[in-house]
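Data block below; observations after.
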Amino acid sequence: MGCENGPPPASGPDEASSRPLRFHIRMASDPRLLPVVRGVASELAAAWGFEDEQCRGIALAVDEALSNIIRHAYKNRCDQEIELHCEAHADCLEFTFIDRGEAADPSRICAQPLDEIALGGRGTHLIRQIMDEVCYERVPGGNSLRLKKSLPPQKARLDRT
């Protein structure tokens with residue numbers, strides 16, 4: 001078995017652990033896919049050594065990010081495209097969302113204080129509390145949102161890059 005573009009698949013655990021684990025999804029902006037993406041995020045986090053509570057948190061942050069893209073960038077349209085790139089590195093997991101929707105207003109991305117009465121704005125707060133890095137930027141033709149969660153130092157896979 002071989003790969004069309006790139007090296008052949010790893011033949012054993014040592015070779016497999018020498019490069020990042022990558023997973024790419026291209027999906028419609030349909031909220032029915034939220035549980036699927038939550039499952040992917042949670043299972044990838046578990047496979048990479050995060051504790052159960054951290055896996056649930058990572059899945060929640062990824063779910064909130066995707067929900068915000070559907071709701072705000074695409075105004076709840078279910079027929080638009082979203083890409084999700086997942087990468088597991090030696091010391092972290094990264095989830096990068098790419099959409100071609102309306103650009104976010106940076107002044108509105110900031111999380112509202114939790115003591116505010118309004119119900120909206122809690123998702124951004126949760127994402128920032130759970131993830132170690134959150135980076136939004138406008139890219140050619142769309143938007144990019146990158147969420148990064150570092151493994152605790154004792155769990156970092158120093159033998160993986």
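The values are calculated or read from the model by the stated rules, or taken from the named source; none is laboratory data. None of the values given here were measured: they were computed from a predicted structure. Every residue, glycine as well, gets a Cβ built from its backbone with ideal geometry; the counts of neighbours run over all protein chains shown.
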Name every residue in region 51-77 that is within 23 Å of G142 (Cα to Cα), part of a helix (DSSP H, G or I) and not aliphatic (A, V, I, L, M), in order of residue number. D63, E64, S67, N68, R71, H72
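Using the structure shown, decide if T96 is modelled with pLDDT under 95 and surrounded by 15 or more Cβ atoms within 10 Å (Cβ to Cβ). Spell out how you get there, then give the answer.
On the way: modelled with pLDDT under 95: no; surrounded by 15 or more Cβ atoms within 10 Å (Cβ to Cβ): yes.
In short, no.
For the subset of region 78-90 comprising residues that are over 20 Å from R138 (Cα atoms) and more than 14 Å from the chain's Cα centre (by Cα), which member is surrounded by the fewest Cβ atoms within 10 Å (Cβ to Cβ)? Explain how you work it out, then say what you get.
Step one: list which residues in region 78-90 are over 20 Å from R138 (Cα atoms), which gives 78-79, 87-90.
After this cut, where a residue has to be more than 14 Å from the chain's Cα centre (by Cα) as well, the list is 78-79, 90.
Details: C78: 12, D79: 8, A90: 16.
Here the residue is D79.
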Does region 27-50 include one or more residues that are farther than 16 Å from V134 by Cα and in a strand (DSSP E or B)? yes
Right, P7: over 27 Å from V139 (Cβ atoms), outside any helix (DSSP H, G or I) and either at pLDDT below 95 or within 15 Å of the chain's Cα centre (by Cα) (or both) or not? yes
Just a yes or no: is a residue in region 108-130 more than 27 Å from P20 (Cα to Cα), surrounded by 14 or more Cβ atoms within 10 Å (Cβ to Cβ), modelled with pLDDT of 95 or more and out of contact with any His (no Cβ under 9 Å at 6 or more places or on another chain)? no
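Take R157 and tell me if it is in a loop (DSSP other than H, G, I, E, B) and at pLDDT below 95. Show your work before the answer.
Numbers: in a loop (DSSP other than H, G, I, E, B): yes; at pLDDT below 95: yes.
Answer is yes for this residue.
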Contact list please: Cβ distance under 6 Å, first residue in region 35-58 and without any contact (Cβ under 8 Å) to a residue 40 or more places away in the chain, second residue among the aliphatic types (A, V, I, L, M) and part of a helix (DSSP H, G or I), pairs at least six apart or on different chains. R38/A59; S42/A59; C55/A45; C55/A46
Do any residues in region 127-156 that are within 15 Å of A88 (Cα to Cα) and free of Cβ contacts under 8 Å to residues at least 40 places away in the same chain have Cβ atoms under 8 Å from those of residues that are assigned to a strand (DSSP E or B) and charged (D, E, K, R), where the two are at least six apart or on different chains, and which pairs are they? E133/R146; E133/K148
